[in-house]
Each structure stands twice: as C-alpha cells, then as structure tokens.
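The block underneath contains the structure these notes are about, expressed in structure tokens.
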Amino acid sequence: MSVLHLLTSPEAVDPCLAAAVDGDAVLLVGDGVFAHHQAKAPKVRFGILAEDAEARGVEPRSTAELLDYDGFVEWVAAFPKSVTWR
C-alpha cells in the first residue's frame with residue numbers, strides 16, 4: 001500500500017527517505033521545502049507545495065513536481081495512508 005510522506009521539517013528528511021519505498025510519494029511542505037536538494041530516491045515521487053517554496057525563496061529542483069493547493073488535495077486523496085514527518 002502506497003504512502004504519502006508529508007515532510008514538514010528539513011531535519012526529518014533522512015528518516016523520511018529511509019522509510020519511503022517504491023510507489024510512495026514525498027511532499028515537501030512548510031519548512032520541509034528547504035530539503036528540496038535532497039529530494040531524490042529511486043521510484044519515489046516528489047512534490048513541493050509551490051506557495052511554501054515561494055514564501056521561503058526556494059527554487060525547487062526540476063525533479064520534483066510543483067503543486068498548488070488543488071494538487072496537494074489530489075495527492076492526499078490519491079494515497080490511502082499518509083505520514084507526517086516533523
């Protein structure tokens with residue numbers, strides 16, 4: 001069963017990526033957008049909440065999908081489970 005990992009803090013990126021498996025997705029939100037340069041793992045989908053990145057002056061990597069709030073809702077609805085990493 002695929003899991004959506006909501007990364008809210010850059011300090012949590014290592015345990016988050018260690019727990020993510022094939023088919024999972026990691027969405028960087030809040031201060032988690034500062035971990036965008038570490039958003040890489042094979043077969044894991046990455047997204048960044050665009051408004052949070054813009055508010056923090058972060059230019060996201062091209063490998064992550066930029067999501068607006070509608071996209072955020074779509075991702076949450078698409079995954080049967082979610083975990084928030086703080």
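The values are calculated or read from the model by the stated rules, or taken from the named source; none is laboratory data. Here the structure is a predicted model, which means the values were calculated and not measured. Methodologically, a virtual Cβ is constructed for each residue, glycine included, from the backbone with ideal geometry; neighbour enumeration extends over all protein chains shown. These area figures cover heavy atoms from the full protein model, side chains too; ligands, DNA and RNA do not enter into them. Shrake-Rupley method; radii C 1.70, N 1.55, O 1.52, S 1.80 Å.
Taking the Cα centre of the chain as origin and charging only Cβ (+1 Lys, Arg; -1 Asp, Glu), how large is the dipole, in debye to the nearest 20? List each step's numbers first, then the result.
Numbers: 7 positive and 13 negative charges, 69 e Å.
For this selection, approximately 340 debye.
Give the separation of the Cα centroids, the range 17-31 to the range 34-58, in Å.
10 Å
In the chain, carbon and sulfur make up what percent of the accessible area (probe 1.4 Å)? Before the final figure, lay out the partial values.
Details: 2580 of 4870 Å².
It is 53 percent, rounded to a whole number.
Using a 7 Å offset from the Cα along the Cα-to-Cβ direction at both Ala78 and Met1, what is the distance between the two label points in nm, to one decimal?
Spacing of the two 7 Å Cα→Cβ label points: 1.9 nm.
I want the local charge near Val58. Using Cβ-Cβ distances under 15 Å, sum +1 for each Lys or Arg and -1 for each Asp or Glu among the other residues.
Numbers: positive: Arg56, Arg61; negative: Asp31, Glu51, Asp52, Glu54, Glu59, Glu65.
Net of charged neighbours comes to -4.
Could you run the Karplus curve 6.51 cos²θ - 1.76 cosθ + 1.60 with θ = phi - 60° over the range 17-30 and give me ³J(HN,Hα) per residue in whole Hz, x for Gly and Pro?
5, 5, 8, 6, 10, 3, x, 7, 9, 10, 10, 8, 9, x
Taking only protein heavy atoms into account and a 1.4 Å probe, give the accessible area per residue of the chain in Å².
On the way: 4870 Å² over 86 residues.
That works out to 57 Å² per residue.
Regarding the range 23-73, what are the three Cα extents along the principal axes, ordered largest first, in Å?
Principal axes ranked by extent give 28, 23, 16 Å for the Cα atoms.
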